[in-house]
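The values are calculated or read from the model by the stated rules, or taken from the named source; none is laboratory data. Since the model is a prediction, treat every value here as computed from it, not as a measurement. Methodologically, a virtual Cβ is constructed for each residue, glycine included, from the backbone with ideal geometry; neighbour enumeration extends over all protein chains shown.
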Amino acid sequence: MSTTDPFQALTSAKDHFTSLDYVIFALMLIFSAAVGIYYALKGVHNSQEEFIMASRSLHCAPVALSLTASFMSAVTVLGTPAEVYRFGMKFGLFAISYAVMVAITAHVFLPVYYRLRITSAYEYLELRYNKCLRMIGTVMFILQTVSYSGIVIYAPSLALNQVTGFQLWGAIVGTGIICTFYCTLGGLRAVVLTDVFQFLLMICAFILVIGRTVSIKGGLGRILDDARHGERLDVWDFNPNPLQRHTFWSIVIGGSFTWLGVYAVNQSQVQRYLSCKSQVHAKLALYVNLLGLWLTLSSATLSGLAMYSVFKDCDPWTAKKVAAPDQLIPYLVLQLWKDFPGIPGLFVAGTYSGTLSSVSSSINALATVTVQDLVKPNFKTLTEADLSSISMGMNLLFGTICIAMAAVASLLTSVLQAALTIFGIIGGPLLGIFSLGVLLSSANSKGAFSGLVCGFIIVVWVGIGSQLYPPQPHRTEPLHLSTAGCHVSNWTVPTTIAKPPTAPRPSIAENWYSMSYLYLSALGTLVTFMVGTVVSLLTGGLKQDIDRSLLFGKEDLIEDYEYLKAKAIH
């Protein structure tokens, strides 16, 4: 294939799967389902502790890859390359916020959880405050997780619909059924093992895009040259204005708060590293997971640059060849690999794997918190076998609910930003009350509840306002996309129709609702923490006697230092 005009040669691809594509895709589904059957036959459902926590016996490596796979999901496979394609590679700065998040989680929150031997993260809220706050935390997690799961089910279904012609809702229902099947039968062990397999498939999906584009363009240098001319390599924007969508500060500061709301206090992630055989293994799992996050982020970013290099003269989104930016990457794969049956199927299997890992982890965590926080405390006569059966039933129930939530996700324009917004609105206030309890001995239940209510109201206010009054283009800074070369393949580029003038925007929309979505979590956390601190001090927080095991202390850092010192000596 000529390297002088690769796009002209690519635009004749056929938009459907071959038989081999379907076979490869089906093999991925069969393997995932088989893992659930395998662990069901081994009897993991006979014990509640084994079913939901793998008897706390897992090693760091599989847990690390499981954490990465469920965190990244199809939202990353589809959303991040589209983000880089449209806005440039500022998104790559999330590598810094990932490192901050892992360090704080591993050395501040994790030691407290391990000392208490908790199963549900929200058990901590009852031990530190009261039962009411535990219930509120559980309900907020359930709302957050089913909303997010709807998004990550819908995202790969877009890919399937674009490249195979599958019925969109058939793909959505199929995703939910497969996820529900293997996590209901196999418990946490099945979730972790399939996550490892699915992580490898996700990386393969990115390699397919990068490798083929490098071959077509005649080297990585050509891709980077195209990106530089298209202003996609501009990373360092130190503008302190919180209204700008992506800057160094919004990504590093806002991103760190957002991801802490996922790793430090979200049951889907906490449950995995608490299932490790020791605290040392749990910390190692978090740091190995950081390497996985960096690998996935760099692969997704380079895929976005590769996509821009191919489509720089004829943007398929502007030319109406795809309906949404999140369909760009599967469309590109079909164009790049049209002469290689089976490869598009492997890519879609990798995308679909991201969904299976995230949704199965979410369903498993939802079932766990429901049983541990809502059922077990109120029905003390239930046996281990009863609790295990209820957990399986909860997996089925939440699998159904997550499928239904995909209908809401179909109304969203960007799956990536929508997912991060949900984490910010709910994860921020939750992170606030956990941080308050872990860091301040003076924090009490009145302060935590007051802070949680105030923090939640503030972020919901901003979140709803940003939907009613989306930020103006000068806040989001989309980069130029060209259709100048579309005539070479007889594409019909729609004529731009003048839009009627819009009504004047209120000043609050420009100066408050336009806040970067990445600051939602930070805003919720800080408001919750500050209000909680003040109210606690005013309501006798200094007079209470708190068990020190519920608090982060300098001895936690000293233990880490002594362990590393001993390892260095030996």
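Scan region 357-368 and give yes if some residue there is more than 13 Å from Leu188 (Cα to Cα) and assigned to a helix (DSSP H, G or I), otherwise no.
Looking for residues that are more than 13 Å from Leu188 (Cα to Cα) and assigned to a helix (DSSP H, G or I), one finds none in region 357-368, hence no.
Against the condition at positive phi and either among the hydroxyl-bearing types (Ser, Thr, Tyr) or at pLDDT 75 or above (or both), how does Arg128 come out, does it pass?
Judged against the criteria, Arg128 is not a match.
Does Ser298 satisfy the criteria of being under 22 Å from Phe197 (Cα atoms) and hydroxyl-bearing (Ser, Thr, Tyr)?
yes
Any residue at all in region 504-523 that's at pLDDT 90 or above, of a type outside the set (Ser, Thr, Tyr) and in contact with a Gly (Cβ under 8 Å, 6 or more places away or on another chain)?
Yes: one or more hits.
I'd like the full set of residues that are outside any helix (DSSP H, G or I) and touching a residue at least 24 places away in the same chain (Cβ under 8 Å), limited to region 103-148.
Ile118, Thr119, Ser120, Ala121, Tyr122, Tyr129, Asn130
What's the total number of residues in region 439-464 that are buried (at least 17 other Cβ atoms within 10 Å of the Cβ) and either at pLDDT below 75 or assigned to a helix (DSSP H, G or I) (or both)?
Here the count works out to 15.
What number goes with the only condition from (1) at pLDDT below 85; (2) part of a helix (DSSP H, G or I) that Gly393 does not pass?
Unmet for Gly393, out of (1) at pLDDT below 85; (2) part of a helix (DSSP H, G or I): (1).
Before we move on, is Leu185 at pLDDT below 85 and either among the hydroxyl-bearing types (Ser, Thr, Tyr) or touching a Gly at 6+ places or on another chain (Cβ under 6 Å) (or both)?
Spelling it out, Leu185 is indeed at pLDDT below 85 and either among the hydroxyl-bearing types (Ser, Thr, Tyr) or touching a Gly at 6+ places or on another chain (Cβ under 6 Å) (or both).
Tell me the residue from Ala74, Ala9, Ala40 that is modelled with pLDDT of 80 or more and in a helix (DSSP H, G or I), please.
The conditions single out Ala40.
Specify the residue that is nearest to the chain's Cα centre (by Cα); the eligible residues are those in region 509-526 that are surrounded by 22 or more Cβ atoms within 10 Å (Cβ to Cβ) and part of a helix (DSSP H, G or I).
Ranking the qualifying residues of region 509-526, first place goes to Ser521.
Residues of region 276-295 being surrounded by 24 or more Cβ atoms within 10 Å (Cβ to Cβ) and not aliphatic (A, V, I, L, M), which ones?
Those that are surrounded by 24 or more Cβ atoms within 10 Å (Cβ to Cβ) and not aliphatic (A, V, I, L, M): Cys276, Asn289.
Kindly provide the set of residues from region 185-238 that are outside any helix (DSSP H, G or I), touching a Ser or Thr at 6+ places or on another chain (Cβ under 8 Å) and buried (at least 16 other Cβ atoms within 10 Å of the Cβ), ordered by number.
Asp237
List pairs: first in region 238-262 and closer than 20 Å to Ala509 by Cα, second among the β-branched types (Val, Ile, Thr) and part of a helix (DSSP H, G or I), Cβ under 7 Å, 6+ apart or cross-chain?
Arg245/Thr476
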